[in-house]
Amino acid sequence: MKLKPTNPFKELDKLFKLTEEPMGKEWFTPKKYSDHSGISYSSVTDMLRKQLKAKKVECWIGYSKTNCKRIMKYRFIENKPAKG
């Protein structure tokens, strides 16, 4: 069987989600909200996990190309009224 030639770095970028992080105003990190609210980082991440399960927020997790760190960012999911 002949293997198709691939670019291993491109495949690793996909595997590690090494992408440009979302930068819109609607995206926030748990650290930013912790700083804003005065709630501990661990409490904020716990609350966000619950909101993620409830489908109130969505989460982007990846490795930033700019600073090579794992980043988690959240934003609210728009609740669009059902057409009917």
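List of remarks:
- Subtracting the Cα-Cα distance of D46 and K65 from their residue separation scaled by 0.36 nm leaves 4.2 nm.
- For peptides 7-16, 66-75, sequence by mean Cβ density within 10 Å, most packed first: 66-75, 7-16
- Ranking of E21, E58 by neighbouring Cβ atoms within 10 Å, starting from the fewest: E58, E21.
- With a threshold of 27 Å on the Cα-Cα distance, the over-threshold entries among K10/K50; K32/K69; K10/K55 are K10/K50; K10/K55.
Each reported figure results from applying straightforward, stated rules to the coordinates on display, with no laboratory input. Nothing here was measured: the structure is a model prediction, and the numbers come from that model. Using ideal geometry, Cβ is built from the backbone for each residue, glycine included, and neighbour counts are taken over all protein chains shown.
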